[in-house]
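In what follows, a structure is listed as structure tokens, so that the remarks can point back to it.
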Amino acid sequence: MTGLWQVSGRSNLEWNESVHLDLAYIENWSLTRDIAILLRTIPAVITADGAY
């Protein structure tokens, strides 16, 4: 599975932004949010946005 920071810019994010997104994910977990992240994974992988 992917995470919120992976679909939100990956290596374009600062370390503290990645940590903030991980904490926000944990604090606000929901099945709906997981499904949204999974759907955002497809374009993130295809476009390689934020990948080195």
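The values are calculated or read from the model by the stated rules, or taken from the named source; none is laboratory data. Note that the structure is predicted; figures quoted are calculated from it, not measured. Neighbour counts are summed over all protein chains in view; Cβ atoms, including those assigned to glycine, are modelled from backbone coordinates with ideal geometry. Calculation scope for accessible area: heavy atoms of the full protein, side chains included, ligands and nucleic acids excluded. Shrake-Rupley method; radii C 1.70, N 1.55, O 1.52, S 1.80 Å.
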Margin query: Rounded to two decimal places and with Rh computed the Kirkwood way over Cα pairs, what is Rg over Rh for segment 2-51?
Written below: 0.97
Note to self: Using the crude model of +1 on Lys and Arg Cβ and -1 on Asp and Glu Cβ, and no other charge, please compute the dipole size for the chain relative to its Cα centre, in debye to 20.
What the structure shows: 180 debye
Item checked: Solvent exposure of the chain as accessible area per residue, Å², 1.4 Å probe -> 75 Å²
